[in-house]
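Novice: My structure is below; once you've seen it, I'll send some questions.
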Amino acid sequence: MSRIGRMPIAIPAGVTVEVAENNKVTVKGPKGTLARVLPVEMEIKTEGAEVIVSRPNDLKKMKSLHGLTRTLINNMVLGVTQGFEKKLEVNGVGYRVGKSGKKLTLNLGYSHPVEMEDPEGIETVVEGQNVIVVKGIDKEKVGQFAAEIRDKRRPEPYKGKGIKYADETIRRKVGKTGKK
(Lines give C-alpha, C1' and ligand atoms only; values in the text may rest on other atoms or scores of the structure.)
Protein backbone atom coordinates (compact mmCIF):
# COMPACT_ATOMS: atom_id res chain seq x y z
CA MET A 1 0.00 0.00 0.00
CA SER A 2 1.02 3.59 -0.57
CA ARG A 3 2.29 4.87 2.77
CA ILE A 4 1.14 8.40 1.98
CA GLY A 5 -2.14 7.36 0.34
CA ARG A 6 -3.14 5.21 3.34
CA MET A 7 -2.88 8.05 5.88
CA PRO A 8 -6.23 9.68 6.70
CA ILE A 9 -6.51 13.47 6.35
CA ALA A 10 -7.68 15.14 9.55
CA ILE A 11 -10.28 17.86 8.97
CA PRO A 12 -9.71 20.75 11.41
CA ALA A 13 -12.60 22.62 13.06
CA GLY A 14 -14.20 25.20 10.77
CA VAL A 15 -13.34 23.28 7.59
CA THR A 16 -15.87 21.40 5.45
CA VAL A 17 -14.94 18.85 2.78
CA GLU A 18 -17.56 17.88 0.19
CA VAL A 19 -17.17 15.15 -2.44
CA ALA A 20 -19.52 15.50 -5.43
CA GLU A 21 -19.88 13.15 -8.43
CA ASN A 22 -16.80 12.62 -10.67
CA ASN A 23 -14.66 13.17 -7.53
CA LYS A 24 -15.07 16.95 -7.48
CA VAL A 25 -13.75 17.85 -4.04
CA THR A 26 -14.68 21.22 -2.50
CA VAL A 27 -12.88 22.39 0.65
CA LYS A 28 -14.25 25.42 2.54
CA GLY A 29 -12.33 27.03 5.37
CA PRO A 30 -11.59 30.31 7.16
CA LYS A 31 -9.27 31.57 4.38
CA GLY A 32 -11.52 30.70 1.43
CA THR A 33 -12.78 27.90 -0.79
CA LEU A 34 -10.86 25.54 -3.09
CA ALA A 35 -12.39 23.10 -5.58
CA ARG A 36 -10.65 20.50 -7.70
CA VAL A 37 -11.62 17.52 -9.85
CA LEU A 38 -9.52 14.52 -8.80
CA PRO A 39 -8.94 11.20 -10.63
CA VAL A 40 -12.26 9.34 -10.97
CA GLU A 41 -10.67 5.95 -10.20
CA MET A 42 -9.92 6.88 -6.58
CA GLU A 43 -12.56 6.40 -3.91
CA ILE A 44 -12.77 9.44 -1.59
CA LYS A 45 -14.89 9.16 1.58
CA THR A 46 -15.39 11.51 4.54
CA GLU A 47 -15.70 9.58 7.81
CA GLY A 48 -16.29 11.74 10.85
CA ALA A 49 -13.54 14.35 11.02
CA GLU A 50 -11.26 12.74 8.43
CA VAL A 51 -11.02 12.03 4.72
CA ILE A 52 -9.94 8.59 3.51
CA VAL A 53 -8.67 7.87 -0.01
CA SER A 54 -8.65 4.28 -1.27
CA ARG A 55 -7.73 2.70 -4.61
CA PRO A 56 -9.60 0.00 -6.52
CA ASN A 57 -6.63 -2.26 -7.43
CA ASP A 58 -2.84 -2.51 -7.37
CA LEU A 59 -2.01 -1.45 -10.93
CA LYS A 60 1.01 0.85 -11.17
CA LYS A 61 -1.14 3.78 -12.34
CA MET A 62 -3.54 3.35 -9.41
CA LYS A 63 -0.66 3.19 -6.92
CA SER A 64 0.78 6.48 -8.18
CA LEU A 65 -2.65 8.19 -8.27
CA HIS A 66 -3.37 7.05 -4.69
CA GLY A 67 -0.63 9.10 -3.01
CA LEU A 68 -1.14 12.04 -5.39
CA THR A 69 -4.87 12.28 -4.67
CA ARG A 70 -4.33 12.19 -0.91
CA THR A 71 -1.60 14.86 -1.07
CA LEU A 72 -3.73 17.15 -3.26
CA ILE A 73 -6.65 16.99 -0.80
CA ASN A 74 -4.28 17.53 2.14
CA ASN A 75 -2.79 20.61 0.44
CA MET A 76 -6.29 22.00 -0.11
CA VAL A 77 -7.11 21.54 3.60
CA LEU A 78 -3.80 23.16 4.62
CA GLY A 79 -4.39 26.00 2.17
CA VAL A 80 -7.79 27.03 3.54
CA THR A 81 -6.55 26.87 7.15
CA GLN A 82 -2.94 28.19 7.11
CA GLY A 83 -2.31 29.24 3.51
CA PHE A 84 0.99 28.89 1.66
CA GLU A 85 3.84 31.33 1.14
CA LYS A 86 7.13 31.47 -0.74
CA LYS A 87 9.91 33.96 -0.05
CA LEU A 88 12.09 35.34 -2.83
CA GLU A 89 15.27 37.39 -2.38
CA VAL A 90 16.56 39.90 -4.92
CA ASN A 91 20.36 40.17 -4.88
CA GLY A 92 22.42 42.58 -6.97
CA VAL A 93 23.63 46.14 -7.04
CA GLY A 94 20.76 48.44 -8.03
CA TYR A 95 18.22 45.60 -8.10
CA ARG A 96 15.06 46.82 -6.35
CA VAL A 97 11.48 45.74 -5.83
CA GLY A 98 8.45 48.01 -5.41
CA LYS A 99 4.74 47.41 -4.96
CA SER A 100 1.85 49.72 -5.75
CA GLY A 101 -1.69 48.37 -5.57
CA LYS A 102 -1.66 44.99 -7.32
CA LYS A 103 1.42 45.81 -9.43
CA LEU A 104 4.85 44.47 -8.56
CA THR A 105 7.66 46.55 -10.10
CA LEU A 106 11.06 44.90 -10.45
CA ASN A 107 14.22 46.85 -11.34
CA LEU A 108 16.57 44.08 -12.43
CA GLY A 109 19.28 45.81 -14.44
CA TYR A 110 17.30 45.83 -17.67
CA SER A 111 16.73 49.09 -19.58
CA HIS A 112 13.13 49.06 -18.33
CA PRO A 113 11.41 48.10 -15.07
CA VAL A 114 9.57 44.76 -15.20
CA GLU A 115 5.95 45.02 -14.04
CA MET A 116 3.90 42.03 -12.91
CA GLU A 117 0.23 41.93 -11.92
CA ASP A 118 -0.86 39.77 -8.94
CA PRO A 119 -2.99 36.88 -10.26
CA GLU A 120 -6.38 36.18 -8.69
CA GLY A 121 -6.11 34.60 -5.24
CA ILE A 122 -2.41 35.47 -4.90
CA GLU A 123 -1.00 38.32 -2.85
CA THR A 124 2.57 39.61 -2.97
CA VAL A 125 4.14 41.52 -0.10
CA VAL A 126 7.43 43.43 -0.39
CA GLU A 127 9.60 43.45 2.73
CA GLY A 128 12.35 46.07 2.57
CA GLN A 129 13.78 46.61 -0.90
CA ASN A 130 14.78 43.09 -1.79
CA VAL A 131 12.43 40.46 -0.30
CA ILE A 132 9.18 39.38 -1.98
CA VAL A 133 6.68 37.14 -0.17
CA VAL A 134 4.10 35.37 -2.38
CA LYS A 135 1.03 34.27 -0.36
CA GLY A 136 -2.15 32.39 -1.24
CA ILE A 137 -4.36 29.41 -0.43
CA ASP A 138 -3.60 27.37 -3.57
CA LYS A 139 -0.14 25.77 -3.30
CA GLU A 140 0.13 25.26 -7.06
CA LYS A 141 -0.63 28.90 -7.91
CA VAL A 142 1.73 30.24 -5.23
CA GLY A 143 4.59 28.09 -6.52
CA GLN A 144 3.85 28.95 -10.15
CA PHE A 145 3.77 32.72 -9.59
CA ALA A 146 6.94 32.57 -7.47
CA ALA A 147 8.63 30.67 -10.32
CA GLU A 148 7.45 33.28 -12.85
CA ILE A 149 8.92 36.10 -10.74
CA ARG A 150 12.20 34.17 -10.38
CA ASP A 151 12.32 33.65 -14.16
CA LYS A 152 12.55 37.41 -14.76
CA ARG A 153 16.22 37.26 -13.63
CA ARG A 154 17.54 33.89 -12.51
CA PRO A 155 20.50 33.84 -10.11
CA GLU A 156 23.85 33.55 -11.88
CA PRO A 157 26.69 31.42 -10.49
CA TYR A 158 29.55 33.96 -10.55
CA LYS A 159 28.32 36.86 -8.44
CA GLY A 160 25.02 35.40 -7.22
CA LYS A 161 22.99 38.26 -8.72
CA GLY A 162 19.34 37.69 -9.55
CA ILE A 163 16.14 36.51 -7.87
CA LYS A 164 16.40 33.37 -5.75
CA TYR A 165 14.18 31.53 -3.30
CA ALA A 166 15.02 32.32 0.34
CA ASP A 167 15.89 28.66 1.05
CA GLU A 168 17.83 28.14 -2.19
CA THR A 169 21.62 27.92 -2.27
CA ILE A 170 23.45 28.97 -5.39
CA ARG A 171 26.44 26.91 -6.43
CA ARG A 172 29.11 29.51 -6.95
CA LYS A 173 31.77 29.22 -9.63
CA VAL A 174 35.26 30.64 -9.68
CA GLY A 175 35.68 33.39 -12.26
CA LYS A 176 38.53 33.52 -14.74
CA THR A 177 41.99 34.33 -13.43
CA GLY A 178 44.41 36.72 -15.12
CA LYS A 179 47.64 35.46 -16.74
CA LYS A 180 50.89 36.67 -15.14
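The values are calculated or read from the model by the stated rules, or taken from the named source; none is laboratory data. Everything numeric here is computed off the predicted structure, so don't read it as measured data. Here Cβ is always computed from backbone atoms with ideal geometry, including for glycine, and neighbour counts include all displayed protein chains. Note: accessible area is taken over every heavy atom of the protein model, side chains too, but ligands, DNA and RNA are not part of it. Shrake-Rupley method; radii C 1.70, N 1.55, O 1.52, S 1.80 Å.
Novice: Report in % the part of the accessible area of the stretch 29-141 that belongs to carbon and sulfur, leaving out ligands and nucleic acids; probe 1.4 Å.
Specialist: Here it works out to 50 percent.
Novice: Next question, about the same structure. Could you do me a favour and compute the accessible area per residue for the stretch 1-123, 1.4 Å probe, result in Å²?
Specialist: On a per-residue basis, 58 Å².
Novice: Then there's this: How much accessible surface does residue 68 have with a 1.4 Å probe, in Å² rounded to 10?
Specialist: For residue 68, solvent-accessible area is about 80 Å².
Novice: To make sure I understand the rule: partners must be lysines, Cα under 19 Å from the Cα of residue 99, and not fewer than 8 residues away in the same chain. Which ones qualify?
Specialist: 86, 87, 135, 152, 164
Novice: Find which of 73, 119, 51 sits farthest along the positive direction of the dipole of the stretch 29-180, computed with +1 on the beta-carbon of Lys and Arg, -1 on that of Asp and Glu, about the Cα centre.
Specialist: Of the listed residues, the answer is 119.
Novice: Can you match P(r) over Cα pairs in 10 Å bins from 0, in percent to one of these, (i) 12, 44, 37, 7, 0; (ii) 9, 29, 23, 20, 14, 4, 1, 0; (iii) 9, 34, 32, 18, 7, 1, based on a calculation from the structure here?
Specialist: (ii)
Novice: Taking the Cα centre of the stretch 107-180 as origin, sum charge times position over the Cβ atoms of Lys and Arg (+1) and Asp and Glu (-1), and report the length of that vector in debye to the nearest 20.
Specialist: That gives the stretch 107-180 a dipole magnitude of about 1160 debye.
Novice: Express the relative contact order of the chain as a whole percentage, based on alpha carbon pairs under 8 Å and six or more residues apart in sequence. Could the numbers behind the result be given before it?
Specialist: Details: 336 pairs, mean separation 31.3, N = 180.
Over the chain, the number comes to 17 percent.
Novice: Where does the charge balance sit around residue 70 when Lys and Arg score +1, Asp and Glu -1, over other residues with C-beta under 11 Å from its C-beta?
Specialist: +3
Novice: For the pair residue 40/residue 177, report the inter-label distance in nm, with labels modelled 7 Å from Cα in the Cβ direction.
Specialist: If labels sit at residue 40 and residue 177, their model points lie 6.5 nm apart.
Novice: Choose one answer from 142, 134, 51: the residue with the largest mean-square fluctuation in a GNM of the chain with alpha-carbon springs under 10 Å.
Specialist: 51
Novice: For the stretch 95-146, which chymotrypsin sites (Phe, Trp or Tyr not before Pro) are both in a DSSP coil and crowded by at most 11 other Cβ atoms within 10 Å?
Specialist: 110
Novice: So, in Å, what gap is there between the alpha-carbon centers of the stretch 1-78 and the stretch 114-180?
Specialist: 32
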